[in-house]
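Visitor: Before I ask anything, let me first share the structure, which is written out below as structure tokens.
The values are calculated or read from the model by the stated rules, or taken from the named source; none is laboratory data. This structure is a prediction, so every number in the text was calculated from the model and none was measured. Don't worry about glycine lacking a Cβ; one is built from the backbone with ideal geometry, like all the others, and counts go over all protein chains shown. SASA here: full protein model, heavy atoms, side chains in, ligands and nucleic acids out. Shrake-Rupley method; radii C 1.70, N 1.55, O 1.52, S 1.80 Å.
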Amino acid sequence: MATEKATTSASGGKEAKAFARYIHVGPRKVRLLADMIRKGPVDQALEQLKFSSKQAALPLIKVINSAIANAVHNFNLK
């Protein structure tokens with residue numbers, strides 16, 4: 001179950017956030033993949049996760065897609 005939240009960042013830019021709860025994967029395993037894709041383009045991050053063999057990739061893909069949908073719906077971003 002993903003909980004979504006959109007906020008305006010401190011620098012004035014729009015920032016969409018999504019949170020995943022009740023994931024049955026250890027935080028260290030998720031953090032390995034999250035650190036790999038952090039600060040990169042969204043399309044590249046989704047490609048890396050798509051071809052990853054880690055079990056934590058699927059929940060991260062869902063959270064990223066949720067954040068994308070949140071940004072499109074709340075901020076009319078493309």
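Visitor: I need every pair where a residue in the stretch 43-71 that is touching a residue at least 12 places away in the same chain (Cβ under 8 Å) and over 14 Å from Ala18 (Cβ atoms) has its Cβ under 9 Å from the Cβ of a residue that is of a type in the set (S, T, N, Q) and not in a helix (DSSP H, G or I), sequence separation at least 6 or different chains.
Guide: Going by the 9 Å Cβ cut-off, there are no qualifying pairs.
Visitor: For Phe51, are the conditions met, namely being more than 27 Å from Phe75 (Cα to Cα) and modelled with pLDDT of 90 or more?
Guide: Values: more than 27 Å from Phe75 (Cα to Cα): yes; modelled with pLDDT of 90 or more: yes.
Criteria met by Phe51.
Visitor: Quick check on the stretch 39-59: of everything there that is under 22 Å from Glu15 (Cβ atoms) and of a type in the set (Gly, Ala, Ser), which residue is least open to solvent (accessible area, probe 1.4 Å)?
Guide: We begin by selecting, within the stretch 39-59, every residue under 22 Å from Glu15 (Cβ atoms); these are 39-46, 48-49, 59.
Adding the requirement that they be of a type in the set (Gly, Ala, Ser) leaves 40, 45.
Details: Gly40: 39, Ala45: 7 Å².
The selected residue is Ala45.
Visitor: Going through the stretch 9-59 one residue at a time, which ones are under 22 Å from Ala71 (Cβ atoms) and among the polar types (S, T, N, Q)?
Guide: Within the stretch 9-59, Ser9, Ser11, Gln44, Gln48 qualify.
Visitor: Testing Leu32 on (1) surrounded by 14 or more Cβ atoms within 10 Å (Cβ to Cβ); (2) touching a Lys or Arg at 6+ places or on another chain (Cβ under 9 Å), one condition comes back false. Which one is that?
Guide: All conditions pass for Leu32, except number (1).
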